[in-house]
Amino acid sequence: MSTLDLPGYSHVYSGKVRDLYAPVGADGEVVPDQLLLVASNRLSAYDWMMSPEIPDKGAVLTRLSLWWFDQLSDLVPNHVVSTDVPEAVAGRAVLVRKLDMLKVEAIARAYLTGGGLEEYREKGSVSGVVLPDGLVDGSKLPEPVFTPTTKAPVGEHDLPMSPAQVEAELGAGVAAEVSRLTRAILARGNEIAAERGILIADTKVEFGVSPDGTGGLVLADEVLTPDSSRFWPAELWEPGHPQPSYDKQFVRDWLTSSESGWDRKAGGPPPELPAHVVEQTRAKYVEAYERLTGETF
Ligand SMILES: C[C@H](c1ccccc1)n1cc(-c2ncnc(N)c2C#N)cn1
């Protein structure tokens with residue numbers, strides 16, 4: 001993965017699909033209180049980076065995240081400073097306030113699937129919350145459940161955190177507020193998305209606090225995008241089996257079809273995606289953005 005040479009910015013960190021840069025002042029020193037969050041066109045599926053990239057994916061998800069920050073501004077302040085960013089990343093980057101990030105992945109679930117379903121099948125509960133009997137893959141939960149995890153080092157898996165572990169990390173007051181806000185964000189997201197034919201099964205958000213200790217929790221990172229959340233087409237929702245992904249199903253279907261020739265269990269990398277899969281996937285990101293925001297990409 002190649003990082004961009006952005007004049008006026010130094011590369012700080014790269015995740016699977018996003019990159020972080022620090023602004024550099026005229027004196028060559030890093031500007032201490034801001035960061036540049038850049039969304040790439042990279043697509044990750046089945047824990048593999050796909051090739052080629054999906055055109056406009058970074059721009060679509062950046063615009064969607066900015067729209068959600070605005071929709072949620074009555075619930076929680078956010079880290080956005082400006083979209084006045086270098087031309088090379090115009091439309092897919094955001095200048096943000098540099099925060100002290102909480103060491104907890106704040107995850108909430110409105111529907112049961114994935115790791116939450118596995119835990120429920122073992123314990124009848126998820127993250128310490130006892131759930132009704134008889135739930136299946138895709139069941140809607142009575143209300144969103146906070147299911148935090150650790151922030152594992154690169155290459156390792158995030159681990160579920162018990163309420164006691166979260167309190168030990170954050171303190172009881174902040175832990176309660178993170179839980180409340182994460183569930184409220186997902187509930188608000190689903191209120192809006194359901195009207196537009198999209199179910200948000202679960203989401204991961206990141207909170208930080210101002211380094212000077214003033215103020216409370218600040219919503220950071222990206223919010224309620226198909227990269228941070230499971231998006232499901234509402235009209236296909238049918239509890240009892242894995243739900244189709246709104247945005248990644250074309251990729252998954254092709255990779256698991258005989259046409260791709262890929263043997264996922266063999267452990268080797270997936271083949272290049274054909275043009276039609278790339279185009280269909282781009283169209284789904286644009287469709288999700290336009291249905292949710294009512295705006296044309
Ligand atoms: C997880 C995410 C990430 C982004 C891009 C690439 C890989 C990971 N990240 C966000 C921060 C961060 N740190 C300080 N202040 C902030 N406002 C933010 C934000 N957002 C650190 N990491």
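Per-structure values
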{"item": "Test for K123: is it among the charged types (D, E, K, R) and within 16 Å of the ligand (Cβ to nearest atom)", "result": "no"}
{"item": "Criterion (of a type in the set (V, I, T), at pLDDT 95 or above and closer than 23 Å to E143 by Cα) met by exactly one of V60, V129", "result": "V129"}
{"item": "Checklist (1) touching a Lys or Arg at 6+ places or on another chain (Cβ under 9 Å); (2) surrounded by fewer than 16 Cβ atoms within 10 Å (Cβ to Cβ) applied to V154, failing item", "result": "(1)"}
{"item": "Residue pairs meeting the criteria (Cβ under 6 Å; at least 6 apart or on separate chains; first closer than 15 Å to M49 by Cα, in the range 243-260; second assigned to a loop (DSSP other than H, G, I, E, B) and open to solvent by 30 Å² or more (accessible area, probe 1.4 Å))", "result": "L255/W262"}
{"item": "Answer residue from the range 272-297, given it is open to solvent by 40 Å² or more (accessible area, probe 1.4 Å) and not in a helix (DSSP H, G or I) and is farthest from R42 (Cα to Cα) among those", "result": "G294"}
{"item": "Inter-residue pairs, beta-carbon under 7 Å, first more than 25 Å from G216 (Cβ to Cβ) and in the range 152-174, second modelled with pLDDT under 95 and open to solvent by less than 80 Å² (accessible area, probe 1.4 Å), 6+ apart", "result": "A152/D158; L159/A152"}
{"item": "Hey, R97 within 27 Å of A39 (Cα to Cα), crowded, with 18+ Cβ neighbours inside 10 Å and not aliphatic (A, V, I, L, M) or not", "result": "no"}
{"item": "Residue in the range 212-254 that is nearest to the ligand (Cβ to nearest atom), counting only those that are of a type in the set (F, W, Y) and open to solvent by less than 50 Å² (accessible area, probe 1.4 Å)", "result": "F231"}
{"item": "Boolean, D137 is away from the ligand (no atom under 14 Å from the Cβ), in contact with a Leu (Cβ under 8 Å, 6 or more places away or on another chain) and acidic (D, E)", "result": "yes"}
{"item": "Lone unmet requirement of (1) closer than 19 Å to E206 by Cβ; (2) away from the ligand (no atom under 16 Å from the Cβ) for V96", "result": "(2)"}
{"item": "Pairs where the first residue, in the range 212-234, is under 19 Å from T293 (Cβ atoms) and the second is open to solvent by 20 Å² or more (accessible area, probe 1.4 Å) and basic (K, R), C-beta under 7 Å, 6+ apart", "result": "S228/K204"}
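The values are calculated or read from the model by the stated rules, or taken from the named source; none is laboratory data. None of the values given here were measured: they were computed from a predicted structure. Here Cβ is always computed from backbone atoms with ideal geometry, including for glycine, and neighbour counts include all displayed protein chains. Keep in mind that these areas ignore ligands, DNA and RNA; they rest on the heavy atoms of the full protein, side chains included. Shrake-Rupley method; radii C 1.70, N 1.55, O 1.52, S 1.80 Å.
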